């Protein structure tokens, strides 16, 4: 398998899926957090949905981002890669971040009868757009590494064409991830690094995963391994996830190894499954691959808007979640179809 500058539907679908799962994750966790009518069972289901998706979603996203960055580097060089990332990553962050802050101000005012968020709390975090700042950090760091170590990062490493060394790479990555401090919340889940100030531990954490994606482009037999052995990765990922559920209060090194083995393995398994299922052009897959960036950018204020509008209704917590998720998805897709798809904004995103 050799992937050059052509669009690969399975990889585009993989990246889009990780973005769109953000709608499910955020609808679940914020419904569980803010729903007025709740049951222990319903709340537990929503937190389980959030916890499971959160285990692999961002690692998977940064894995495929590393792959596409390596592709851009191969095609355009360091200048072309950073120019593309500035246009596609940094500028959307700088433009949409203030708009998201304004949207949250308006929704907060609606929910409180006119109060606004204190000014000092407005720009202390990137909210759900935080990953864009980390993508810029990771691309800059990786370009420096490529320049300093071209024999490793700019060329194929034939040693990684063997299954044994691929396994050793995956194990080494897991052990390194587990060794990085301050990457877990108190409940044993992966930290969300939404603060504007960069978190060095999380940059190091995602850099390892980003580089795995980079190496997967340089040595594309790794992609074939994900596809061929997806069931093994799925088994390891599921086993590690159930172990996490049973021992989430034990944040020692052994727990971290198990949890991050689950994160990586689920990321690899889903990528392999996507490569099996999406083998050619599909209109639906193509549409959501193009639309997912916009949908993700606009979805979180909508989640809070619909939670606010539904607050006075006596709805079961799971019913509230399904309504919020459905309305958020439909509204986000409709906004893309009407205002973005056939515009310069759509071409840009």
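The values are calculated or read from the model by the stated rules, or taken from the named source; none is laboratory data. This is a predicted model, so every value here is computed, not measured. Backbone-built Cβ (ideal geometry, glycine too); neighbour counts: all protein chains shown.
The listed residues are 257, 303, and the only one of them that is surrounded by fewer than 21 Cβ atoms within 10 Å (Cβ to Cβ), closer than 30 Å to residue 33 by Cα and touching a helix residue (DSSP H, G or I) at 6+ places or on another chain (Cβ under 6 Å) turns out to be 257. Checking each residue in region 192-218 for being in a loop (DSSP other than H, G, I, E, B) and surrounded by fewer than 21 Cβ atoms within 10 Å (Cβ to Cβ) picks out 192, 194, 196, 197, 198, 199. Starting from residues that are part of a loop (DSSP other than H, G, I, E, B) and modelled with pLDDT under 95, keep the ones in region 221-254 and report whichever is surrounded by the most Cβ atoms within 10 Å (Cβ to Cβ). That would be 248.
State the number of residues belonging to region 155-181 that are surrounded by 13 or more Cβ atoms within 10 Å (Cβ to Cβ), free of Cβ contacts under 8 Å to residues at least 40 places away in the same chain and in a loop (DSSP other than H, G, I, E, B). Total meeting the criteria: 1.
Can you find even one residue in region 275-282 that is in contact (Cβ under 8 Å) with a residue 60 or more places away in the chain, under 19 Å from the mean Cα position of the chain (by Cα) and buried (at least 22 other Cβ atoms within 10 Å of the Cβ)? Yes - at least one qualifying residue is present in region 275-282.
Residues that are out of contact with any helix residue (DSSP H, G or I) (no Cβ under 6 Å at 6 or more places or on another chain) and closer than 20 Å to residue 177 by Cβ within region 230-245 comprise 232, 235, 238, 239, 242, 245, listed in sequence order.
Scan region 135-142 and give yes if some residue there is modelled with pLDDT under 95 and either out of contact with any strand residue (DSSP E or B) (no Cβ under 6 Å at 6 or more places or on another chain) or closer than 30 Å to residue 83 by Cα (or both), otherwise no. Checked region 135-142: no residue is modelled with pLDDT under 95 and either out of contact with any strand residue (DSSP E or B) (no Cβ under 6 Å at 6 or more places or on another chain) or closer than 30 Å to residue 83 by Cα (or both). Put simply, of 39, 33, 55, 17 the only residue that is under 27 Å from residue 185 (Cβ atoms), in contact (Cβ under 8 Å) with a residue 24 or more places away in the chain, out of contact with any strand residue (DSSP E or B) (no Cβ under 6 Å at 6 or more places or on another chain) and surrounded by fewer than 18 Cβ atoms within 10 Å (Cβ to Cβ) is 39.
The single condition among (1) over 18 Å from the mean Cα position of the chain (by Cα); (2) at pLDDT below 95; (3) surrounded by 17 or more Cβ atoms within 10 Å (Cβ to Cβ) that residue 6 does not meet is (3). The condition of being over 19 Å from residue 329 (Cβ atoms), at pLDDT below 95 and buried (at least 18 other Cβ atoms within 10 Å of the Cβ) does not hold for residue 63. Of the residues making up region 27-46, those that are modelled with pLDDT of 95 or more and farther than 16 Å from residue 128 by Cβ are 45, 46.
Against the test of being under 22 Å from the mean Cα position of the chain (by Cα), surrounded by 14 or more Cβ atoms within 10 Å (Cβ to Cβ), closer than 30 Å to residue 226 by Cβ and at pLDDT below 95, the options 286, 332 yield a single qualifying residue, 286.
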